[in-house]
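J.: Below is the structure I would like to discuss, written out as structure tokens.
The values are calculated or read from the model by the stated rules, or taken from the named source; none is laboratory data. Model, not experiment: these values are computed from the prediction. Here Cβ is always computed from backbone atoms with ideal geometry, including for glycine, and neighbour counts include all displayed protein chains. Remember, those area values only see protein heavy atoms, side chains included, never the ligands or the DNA or RNA. Shrake-Rupley method; radii C 1.70, N 1.55, O 1.52, S 1.80 Å.
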Amino acid sequence: MNILRYMNNIIEIPGLVDLHVHFREPGFEYKETIETGARAAEAAGYTDVFTMPNLKPAPDALETLQVQLDAIHKTESNGCKVKVHPYGCITIGQKGEGELVDFKALAPYVAGFSDDGRGVQSEDLMEEAMRQCAAIDKPIVAHCEVNDLLHGGYIHDGEYARRHNHKGICSESEWRQIERDIMLAKRTGCQYHVCHISTKESVELIRQGKKEGVRVTCETGPHYLLLNDMDIKEEGRFKMNPPLRSKADQQALIEGIVDGTIDCIATDHAPHSAEEKARGLKDSAFGIVGIETAFPLMYTYFVKEGIITLDKLIDIMSLNARKIMRIEGKPEMKRFDISTEWSIDPSKFLSKGKATPFEGWKVVGKMVK
């Protein structure tokens, strides 16, 4: 894909794609709506975003999905050009257990299936979900988390938690389920995409799965690449799930980006109200916003620092996601100013959510008309 340059400081690149956003509609419109989220994405240079199903009602059947589809159609009718692709649930009620949805009925209307926010706890249930999704050629997009290993934790079970007497979430709660699911994907032939990986073990498991020919892809977020648990402050804007991990995990994720193990940068854009994020680490809601900061952060601290090339950044923020989700057609090109420095100021976000650990960071890279 050609990158066109203008006046030495403007680049034109394929529009960005985010495989993992929370636009909160229906059910939690006070946090975000389809339109506010899509407008924020549009201003940040995205052409396609994929919305997670932890909604009310959860999109576990055609009638509950239709509420979201109507909101997407309304946003498009209002002139927003970002294409919003919904995921359907894996389980009824998006509970991570119990009964599977009717995958075949939902398949024409969704990009894939996820219970994001919950891992599917039963191996037998996940295997059956994968078999059914393989039969209709739709991906499972998995939040991997073993409930029995959480123990009430809310940040990484590491040095910061020990120093400050916080309950930790162990790395095994993530990688143990990835290990299981890669085995199941190999057995069933299902297309399997892993959400927001955060641990060094996860990187290695996916690396080995790819070598063995498993149809596995994955994403991580800018915050896992640019921060670790020793960067945490006693504020809700540093709380997300999975949590910021150790320096060793951070380095393994960077290596996974460089060597191609990690396919995509996804933001896990998860807006909440100011009050929900003002309760400190223990009691604030999980989740930060990221759709308006992802490209400038990655360009400034990965491309300009020489960790990856601009071509690689385009791959992990646009082209790879297009391949994974089989987005057809030539992508719309977007222009970015890569010379003007600016400070990340949440008060200027178009998103309703303002909680970001990157407040005040200096970056370059902003979409221009």
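J.: Please tell me the relative contact order of the stretch 251-299 in percent, rounded to the nearest whole number, where contacts are Cα pairs under 8 Å and at least six residues apart.
T.: Numbers: 31 pairs, mean separation 16.3, N = 49.
Worked out over the stretch 251-299, it gives 33 percent.
J.: Just the number please: accessible area per residue for the stretch 1-133, 1.4 Å probe, all protein chains included, in Å².
T.: Result: 40 Å² per residue.
J.: In addition: Please work out the Cα center distance from the stretch 242-298 to the stretch 304-353, rounded to the nearest Å.
T.: 15 Å
J.: Just the number please: accessible area per residue for the stretch 137-220, 1.4 Å probe, all protein chains included, in Å². Working shown, then result.
T.: On the way: 3340 Å² over 84 residues.
Heavy-atom SASA per residue in the stretch 137-220 reads 40 Å².
J.: Here is a follow-up. Under the definition of Cα pairs under 8 Å and six or more residues apart, what whole-number percent is the relative contact order of the stretch 303-369?
T.: Details: 50 pairs, mean separation 21.2, N = 67.
Averaging sequence separation for qualifying contacts and normalising by length gives 32 percent for the stretch 303-369.
J.: I've got another one for you. Please report, as a whole percent, how much of the solvent-accessible surface of the chain comes from carbon and sulfur atoms (probe radius 1.4 Å).
T.: Details: 7260 of 14830 Å².
Ligands and nucleic acids excluded, carbon and sulfur reach 49 percent.
J.: Below 13 angstrom from the Cβ of residue 125, what's the summed charge of the other residues (Lys, Arg +1; Asp, Glu -1)? Mind showing how you got there, number by number?
T.: Values: positive: 95, 118, 131, 180; negative: 97, 99, 115, 123, 124, 127, 128, 181.
It works out to a net charge of -4.
J.: Oh, and also: If you place +1 on the Cβ of every Lys and Arg and -1 on the Cβ of every Asp and Glu, how big does the dipole about the Cα centre of the chain come out, in debye to the nearest 20? Before the final figure, lay out each step's value.
T.: Numbers: 47 positive and 56 negative charges, 171 e Å.
Computed charge dipole of the chain: roughly 820 debye.
J.: Of all the Cα-Cα pairs you can form in the chain, what percent are over 31 Å apart? Before the final figure, lay out the partial values.
T.: Details: 19801 of 67896 pairs.
For the chain, the fraction of Cα-Cα distances above 31 Å is 29 percent.
J.: To continue, here is another question. Work through the residues other than residue 262 whose Cβ is under 10 Å from its Cβ and net out their charges, Lys, Arg +1 and Asp, Glu -1.
T.: Numbers: positive: 207; negative: 219, 255, 259, 263.
It works out to a net charge of -3.
J.: What net charge is computed for the residues neighbouring residue 45, neighbours being all others with C-beta under 13 Å from the C-beta of residue 45, Lys and Arg scored +1, Asp and Glu -1? Before the final figure, lay out each step's value.
T.: Working: positive: 39, 81, 334, 335, 366, 369; negative: 12, 18, 42, 48, 292, 332, 337.
Net local charge, residue 45 excluded: -1.
J.: With an 8 Å cut-off on Cα pairs and a minimum separation of 6 or more residues, tell me the relative contact order of the chain in percent. Walk me through the numbers on the way to the answer.
T.: Numbers: 822 pairs, mean separation 68.2, N = 369.
Relative contact order here is 18 percent.
J.: Now for a different question. Once ligands and nucleic acids are excluded and a 1.4 Å probe is used, how much of residue 201 is accessible, expressed in Å² to the nearest 10?
T.: 60 Å²
J.: Taking the stretch 300-361, which GluC sites (Glu not before Pro) meet the DSSP loop condition and have no more than 14 other C-beta atoms within 10 Å?
T.: Working: sites: 305, 328, 332, 341, 359; in loops: 305, 328, 332, 359.
Answer by residue number: 305, 328, 332.
J.: Could I ask something else about it? Over the stretch 325-369, with the other protein chains present, what is the accessible area per residue in square angstrom, probe 1.4 angstrom?
T.: Numbers: 2600 Å² over 45 residues.
Heavy-atom accessible area per residue stands at 58 Å².
J.: May I pose another question? Considering the chain as a Gaussian network with a 10 Å cut-off on Cα pairs, which listed residue, 263, 345, 48, attains the greatest mean-square fluctuation?
T.: It is 345.
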